[in-house]
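Participant: Next up is a structure, given as structure tokens.
The values are calculated or read from the model by the stated rules, or taken from the named source; none is laboratory data. None of the values given here were measured: they were computed from a predicted structure. Backbone-built Cβ (ideal geometry, glycine too); neighbour counts: all protein chains shown. Ligands, DNA and RNA are excluded from the accessible area calculation, which covers all protein heavy atoms including side chains. Shrake-Rupley method; radii C 1.70, N 1.55, O 1.52, S 1.80 Å.
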Amino acid sequence: MILQKAKALKGEITVPGDKSISHRAVMFGALAEGTTEITHFLQGADCLSTIRCFRSMGIDIENIPEHNRVTVRGRGLDGLKQPVDILDVGNSGTTLRLMSGILCGQTFSTRITGDDSIKKRPMNRVITPLARMGADIESMEGNGCAPLLIQGRKGALNGISYQSPVASAQVKSAVLLAGLYGNGPTSVTEPYLSRNHTELMLKMLGADIEIKDTTATVNPAPKLHAEKITVPGDISSAAYFIAAGLIIPGSEILIKNVGINPTRDGILKICRRMGADIKIENVRNTDSEATADIYVRYGELKGTEIGGAIIPALIDELPVLAVMACFAKGKTVIKDAAELRVKESDRIAVMVRNLSRMGVKVTATEDGMIIEGGNPLKGGVIDSNLDHRIAMSFAVAALAAEGETEILGAECADISYPGVYSDLKGLIQG
Ligand code: S3P
């Protein structure tokens, strides 16, 4: 993909459905009794992996991609069937980790694998707490990574109180989902609150779940019921338009119907702190998740420090925030974000390498990076490392940089946002 410097981006855009919520709607719909109708479902490759896995466990799922509408015919908590083949989650950590929690409570054994990136990502973070519940789950190659082998232990899982060392919604969700099959209450306490879509959706479907500060507690569920689920626009996808609108001179963009769950809205807070012209309009609720329209306009930005409790609320937006920081006056420090090193790629190393190639003064630290902003970026060849968020972040950087930029492996954006490049180009003026 080759991109040139853009004049200005103007207009309105509706981004695809939230990835985290789309995954959960399929998974929990499969475990519910009745038919779950999902609208504004994300047709990204990751969510299609979730559909594929649950179809191979006997769930009837109809997907109408032209309308982003999915119908899941749930079979109840004990209705999954043993898949014939190894389950393949592709690139999707959410599918792998959440499904692990569910599979520990079944009566059959399953093997799960995925692509080269997923096979390098740490799975001990779910294996450890699930094993503590009495689950039979192991890394088949003994390296703490996928492929995983899970022997379901329905009726033999104990409720636990788990103090998670990481603020990770995937870990929290895996444990809570296994807790649905436990012999007593299961709680997870996190160092900082991570996204709470699992808790909100399970509650909506009738689970007995309580949230207090950074602790979520679930009681074993006799059953879940089906509901209509409308997926809000993904704030992580909106982030590319927010950033483009703020750093490309003359831009003005209205992003409609974006999920603004407070466990996800860190980017909005940081934009304000950087002095951005950003407005949240028309706030409304769809199901249990709030949505709003986000208006952004180009203006001067100043550097800031990003760290602490806000990190989980913007973890996936840090690559594009780093791009924004290059256009802000002064220094931006990103810290407490070591989790970036174990995402689809080592996002600290990959961001620093690619930003340096564009002429940015940037230093990697163990848990983040330091960016000296305010100097013009120059186009160059960028390696996405097949990480969708890196590819999209550099598409934004490319539109704001001098000259021409080539992004290698840009098509990996299909993981979370098929059509992102044409949506970006569609707003370019002149
Ligand atoms: C996700 C949780 C986050 C996030 C990922 C999606 C989820 O990962 O980075 O893109 O849907 O639960 P961690 O739980 O590993 O922080």
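Participant: Per the Kirkwood treatment, what hydrodynamic radius in Å, one decimal, follows for region 86-175 from the mean inverse distance over all distinct Cα pairs?
Facilitator: Details: mean 1/r = 0.0784 Å⁻¹.
It works out to 12.8 Å.
Participant: May I ask you to rank ASP46, ASP88, ASP116 by accessible area, largest first, using a 1.4 Å probe over the protein chains only? Please list the in-between numbers first.
Facilitator: Numbers: ASP46 0, ASP88 70, ASP116 110 Å².
The ordering from most to least exposed comes out as ASP116, ASP88, ASP46.
Participant: For region 316-392, state the average projected area of the convex hull of the C-alpha atoms over all orientations, rounded to one decimal in nm².
Facilitator: Numbers: hull surface 17.3 nm².
Orientation-averaged projected area of the Cα hull: 4.3 nm².
Participant: What number comes out for accessible area per residue over region 55-149 if the probe is 1.4 Å? Units Å², please.
Facilitator: On the way: 3860 Å² over 95 residues.
For region 55-149, the per-residue accessible area is 41 Å².
Participant: Heavy-atom accessible area per residue, region 338-430, 1.4 Å probe: how many Å²? Write down the numbers at each step before the final one.
Facilitator: Numbers: 3480 Å² over 93 residues.
It amounts to 37 Å² per residue over region 338-430.
Participant: With the convex hull built on the Cα atoms of region 291-430, state its orientation-averaged projected area in nm². Don't skip to the end; give the middle numbers.
Facilitator: Working: hull surface 34.4 nm².
Its average projected convex-hull area is 8.6 nm².
Participant: Efficiency by 1/(1 + (r/R0)^6): what FRET value for LYS329 and GLN429, r their Cβ-Cβ distance, R0 = 30 Å, to the nearest 0.05? Kindly include the intermediate steps, with their values, before the conclusion.
Facilitator: Details: r = 25 Å, r/R0 = 0.84.
Efficiency for this residue pair is about 0.75.
Participant: Treat every Asp and Glu Cβ in the chain as -1 and every Lys and Arg Cβ as +1, leave all other atoms uncharged, and give the resulting dipole magnitude about the Cα centre to the nearest 20 debye.
Facilitator: Numbers: 47 positive and 49 negative charges, 91 e Å.
Magnitude of the dipole: close to 440 debye.
Participant: For ARG73, what accessible surface area do you get with a 1.4 Å probe? Give it in Å², rounded to 10.
Facilitator: 90 Å²
Participant: Roughly how many Å² of THR214 are accessible to a 1.4 Å probe, to the nearest 10?
Facilitator: Answer for THR214: close to 40 Å² accessible.
Participant: Could you go through region 328-334 in sequence order and give the Karplus-derived ³J(HN,Hα) for each residue, using 6.51 cos²θ - 1.76 cosθ + 1.60 with θ = phi - 60°, rounded to whole Hz, and x for Gly and Pro?
Facilitator: Karplus values, whole Hz, x for Gly and Pro: 9, 6, x, 9, 10, 10, 10.
Participant: What residues qualify as long-range amide H neighbours of ASN257, i.e. H under 5 Å apart, gap of 5 or more or another chain, H built at 1.01 Å from N?
Facilitator: ALA292, ASP293, ILE294
Participant: Let me ask you something else. Once Rh is set to the Kirkwood radius over Cα pairs, what Stokes-Einstein translational diffusion coefficient, in µm²/s, holds for region 1-80 at a temperature of 25 °C and a viscosity of 0.890 mPa s?
Facilitator: Details: Rh = 13.9 Å.
In µm²/s, the coefficient rounds to 177.
Participant: So who's got an amide H within less than 5 Å of the one on TYR162, skipping anything under 5 residues away but keeping other chains? H placed 1.01 Å off N, in plane.
Facilitator: SER187, VAL188, THR189
Participant: Can you give me the angle between helix 388-400 and the longest principal axis of the chain, using Cα atoms only, in degrees from 0 to 90, rounded to the nearest 10?
Facilitator: That works out to roughly 10 degrees.
Participant: Right, something else. Pull up the cross-link candidates among the lysines for LYS425, meaning alpha carbon to alpha carbon under 20 Å and not fewer than 8 places away within one chain.
Facilitator: The qualifying lysines are LYS5, LYS7, LYS10, LYS256, LYS378.
Participant: Name the shape class, rounded, prolate or oblate, that the alpha-carbon gyration tensor gives for the chain, where a ≥ b ≥ c are the square roots of its eigenvalues, rounded holds for a/c under 1.5, and otherwise prolate holds if a/b is larger than b/c and oblate otherwise.
Facilitator: Details: a/c = 1.84, a/b = 1.66, b/c = 1.11.
Since a/c reaches 1.5 and a/b is larger than b/c, the shape of the chain is classed as prolate.
Participant: Another question, if that's okay. Could you pull the Cα extents of region 368-409 along its three principal axes, largest to smallest, in whole Å?
Facilitator: 28, 28, 13
Participant: Now for a different question. When N is the residue count of region 185-278, what does its C-alpha Rg come to as a fraction of 2.2 N^0.38 Å? Spell out each step's value before the answer.
Facilitator: Values: Rg = 17.3 Å, N = 94, 2.2 N^0.38 = 12.4 Å.
My calculation over the Cα atoms of region 185-278 gives 1.40.
Participant: With springs only between Cα atoms under 10 Å, which of PRO319, PRO232, PRO191 fluctuates most in a Gaussian network model of the chain?
Facilitator: Looking only at PRO319, PRO232, PRO191, the largest GNM fluctuation is found for PRO191.
Participant: I've got another one for you. Along region 233-244, what does the Karplus equation 6.51 cos²θ - 1.76 cosθ + 1.60 (θ = phi - 60°) give for ³J(HN,Hα), rounded to whole Hz, x for Gly and Pro?
Facilitator: Going residue by residue, I get x, 7, 5, 5, 7, 4, 3, 5, 7, 4, 5, 4 Hz, with x marking Gly and Pro.
Participant: Using a 10 angstrom cutoff on alpha carbons, build the Gaussian network for the chain and name the most mobile of GLN163, GLN43, GLN151.
Facilitator: GLN163
Participant: How many percent of the accessible area of region 211-358 is carbon or sulfur, using a 1.4 Å probe?
Facilitator: Numbers: 2570 of 5120 Å².
Here it works out to 50 percent.
Participant: Could you pull the accessible area for MET140 with a 1.4 Å probe, rounded to 10 Å²?
Facilitator: Surface open to solvent at MET140 totals about 80 Å².
Participant: Residue by residue, what Karplus-based ³J(HN,Hα) values in Hz, rounded to whole numbers, does region 50-65 have, using 6.51, -1.76 and 1.60 with θ = phi - 60° and x for Gly and Pro?
Facilitator: With coefficients 6.51, -1.76 and 1.60, one gets 4, 4, 4, 5, 6, 4, 6, 9, x, 8, 7, 10, 9, 10, 10, x Hz.
Participant: Ordering ASP78, ASP316 by accessible area with a probe of 1.4 Å, largest first, what comes out?
Facilitator: On the way: ASP78 95, ASP316 25 Å².
Output order, biggest surface exposure first: ASP78, ASP316.
Participant: Going by alpha carbons, how many degrees (0 to 90, nearest 10) lie between the helix axis of 169-179 and the longest principal axis of the chain?
Facilitator: Result, in degrees: 10.
Participant: Against the longest alpha carbon principal axis of the chain, how many degrees, from 0 to 90 and to the nearest 10, is the axis of helix 93-103 turned?
Facilitator: 10 degrees
Participant: Could you tell me which of ASN124, GLN82, THR50 has its Cα farthest along the dipole of region 25-149 towards the positive end, charges placed at Cβ (Lys, Arg +1; Asp, Glu -1), taken about the Cα centre?
Facilitator: ASN124
Participant: I've got another one for you. I'm a student and want to see the number: the projected area of the Cα convex hull of region 251-296, averaged over all directions, in nm². It would help to have the intermediate numbers written out before the result.
Facilitator: Values: hull surface 12.6 nm².
Directional mean of the projected Cα hull area for region 251-296 stands at 3.1 nm².
Participant: List every residue whose amide H lies under 5 Å from the amide H of LYS81, counting only residues 5 or more places away in sequence or on a different chain, with H placed 1.01 Å from N in the peptide plane.
Facilitator: GLY58
Participant: Now a separate question. Rank these by accessible area, largest first, 1.4 Å probe: SER236, SER56. Show your work: numbers first, answer last.
Facilitator: Working: SER236 0, SER56 60 Å².
From most exposed to least exposed: SER56, SER236.
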